[in-house]
Amino acid sequence: MNKQIFMDLLEKKEFKAVRSILEVMNTVDIAALLADLEDKELIQAFRLIEKSKAADVFAQMSSSMQVYLVEMFTEKELQELLNDLYMDDTVDLLEELPANLVTRILDHVSKEKRDQINTILNYPEDSAGSIMTTEYVDLKKTTTVKEAMAHIKETGIRKETIYTCYILENRRLIGIVSAKDLMTMDDDLQMEELMETEIISVTTHTDQEETARLFAKYDLLALPVLDMQGYMVGIVTIDDALDVIVDETTEDMEIMNALNPSEKTYFETSVAVHAKNRIGWLLVLMLSATITQTIIARYEAAFAALPLLVSFIPMLTDTGGNCGSQSSTLVIRGLALDEIHFQDIFRVVFKEFRVALLVGVVLAVTNGIYIMVRYHDPMMAVLIAISLTATIIMAKIIGCILPLFAKKLHVDPAIMAAPLITTIVDAGSILIYFQVATHLLGIV
């Protein structure tokens, strides 16, 4: 859909044409299209979306768009929206709204729904309970296939998903049945004859990142959530798990590049907030870099005796930083995917040590050839070869150890990524370089 054509039609108040365009578009595409509109145009366009799509489009919008629309809705429009929004989307909305709008929304929901909302809002942040929905299909073990299908037809429109049905007994989960089973089995069969009893589930306090990993591990579409007493209270669906993965990956990328995480988009974030999110880490890294400056200043006599030493510092520090970043990135990825655990630390260190030896030898030989061709100085070639190999070993070991210790101490391993490791490795590589130089070349 050409955005300019859509905007022109809206500006000319060709509402019939606008409505016909919105009728055939996907809800995600509609939300993306509306994101480019001015506030006044946004409310106009949203009111032209057919009622059956409006809630789904609203759920796909950014928080700033949602806040504006809630402010502009009439009481009737707000009531209709809340009736169609799934529980998890309603909770997500409330978490973004100012207090006065939260009160207004809670006034438009039933007591039962308000109690469910308050319960979910009270679960720990970033837990399975905070992202679950209470709208799922539950059946009894004595329910027949025919009765189950009738129940789904009657209530399914108000459920988050109907692809997996949950068999409960006294509110406890005893089995699951897929929609495929219901559609392909005899009408007279009961749920206890069809249900699977090997169930993957989480508790309300399970970390949402761990919950998302279970979706990937077991190829799930939905995951039941149990409270601390073992009663079923909701489900997490695949779309929410994907949102968690995107959010956690984004947060890790920001931390790995020395940025304070932000939930707002790039353009929604002001220049002042962008600067605030970056300057803290930059100050820390700048001040920590003075360690490197102190080490260099300590070896001024070596510079005076052999000025050529200075020219190889950038190559050593850059190579060390890159090697450390490579190792930390792979270990952080392994931790995120649950492939690496703290008890694997010696296996990881041994592997990275062997990798460092191979990489170090190749780079040392390459640099040795370059130095011999350009400077005809075999002692300098040996000095750089030893320093480079030692720096690479040091960098890779530090790069793999720090994220593992961070995880053990319940700190985000991404903090131990490129900027911090590079700063540490820079100081280490300079120290190695001048220690080798003073001993090998006899410079004091």
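Worth pointing out:
- Placing pseudo-labels 7 Å out from each Cα toward the beta carbon at Leu121 and Ala301 gives an inter-label distance of 7.0 nm.
- Whole-number accessible area per residue in Å² for the range 126-247, which is evaluated in the context of all protein chains at 1.4 Å: 53 Å²
- Taking the 1.4 Å solvent-accessible surface of the range 124-226 as the whole, the part contributed by carbon and sulfur is 48%.
- Of all accessible heavy-atom area on the range 323-444, the percent that carbon and sulfur account for (1.4 Å): 72 percent
- Full extension of the chain between Ala289 and His205 gives 26.2 nm of extra length, using 0.36 nm per residue less the Cα-Cα distance.
- For Ala216 and Lys12, the FRET efficiency from 1/(1 + (r/R0)^6), where r spans their Cβ atoms and R0 equals 51 Å, is about 0.60.
- Highest to lowest packing among 240-251, 169-180, 101-112, scored as the average C-beta count within 10 Å: 240-251, 169-180, 101-112
- Added length on full extension, which subtracts the Cα-Cα distance from 0.36 nm per residue, Lys111 to Glu95: 3.9 nm
- Rg/Rh (Cα only; Kirkwood hydrodynamic radius) as it applies to the range 114-261: 1.04
- Check: the chain dipole with +1 on Lys, Arg Cβ and -1 on Asp, Glu Cβ, in debye: 1720 debye
- Put a dot 7 Å past the Cα of Lys276, heading toward its Cβ, do the same for Lys53, and the two dots end up 3.8 nm apart.
- Mean residue ellipticity at 222 nm, helices only, the chain: -21000 deg cm²/dmol; runs of at least 4 DSSP H residues each add -39,500 (n - 2.57), and the sum is divided by the number of residues.
- Semi-axis lengths, largest first, of the ellipsoid equivalent to the range 311-427 are 31, 14, 9 Å, with √(5λ) applied to each eigenvalue of the Cα gyration tensor.
- Reference-scaled alpha-carbon Rg (2.2 N^0.38 Å with N residues) for the range 62-111: 1.01
- Under 5 Å, built H, 5+ apart or other chain: amide partners of Ile167: Leu139, Ile174, Gly175, Ile176, Val177
- Projecting the Cα positions of Thr423, Ser270, Leu34 onto the charge dipole of the chain (unit charges on Cβ atoms of Lys, Arg, Asp and Glu, taken about the Cα centre) puts Thr423 furthest along the positive direction.
- With θ taken as phi - 60° and the Karplus curve 6.51 cos²θ - 1.76 cosθ + 1.60 applied, the whole-hertz 3J(HN,Hα) list for the range 359-367 is 5, x, 4, 4, 5, 5, 5, 4, 5 Hz, x standing for glycine and proline.
- Distance from the range 89-167 to the range 204-232 (C-alpha centre basis), Å: 16 Å
- With R₀ set to 35 Å, the beta-carbon distance separating Asp227 from Gln44 gives a calculated FRET efficiency near 0.20.
- Scaled radius of gyration (Cα, divided by 2.2 N^0.38 Å) that the chain gives: 1.33
- Counted over the chain, the DSSP beta bridges are approximately 75% antiparallel.
- Within the range 2-89, the percentage of alpha carbon pairs spaced more than 16 angstrom apart rounds to 48%.
- FRET efficiency for the Thr197 to Val246 pair, using the beta carbon distance and R₀ = 45 Å, is estimated at 0.85.
- Spacing of the modelled spin labels on Tyr375 and Arg171, each 7 Å from Cα toward Cβ, amounts to 7.6 nm.
The values are calculated or read from the model by the stated rules, or taken from the named source; none is laboratory data. All values reported here derive from a predicted model rather than from experimental measurement. Cβ coordinates were reconstructed from backbone atoms using ideal geometry, including for glycine residues, and neighbour counts include every protein chain displayed. To get the accessible areas, we keep the full protein, side chains included, count just its heavy atoms, and leave off ligands, DNA and RNA. Shrake-Rupley method; radii C 1.70, N 1.55, O 1.52, S 1.80 Å.
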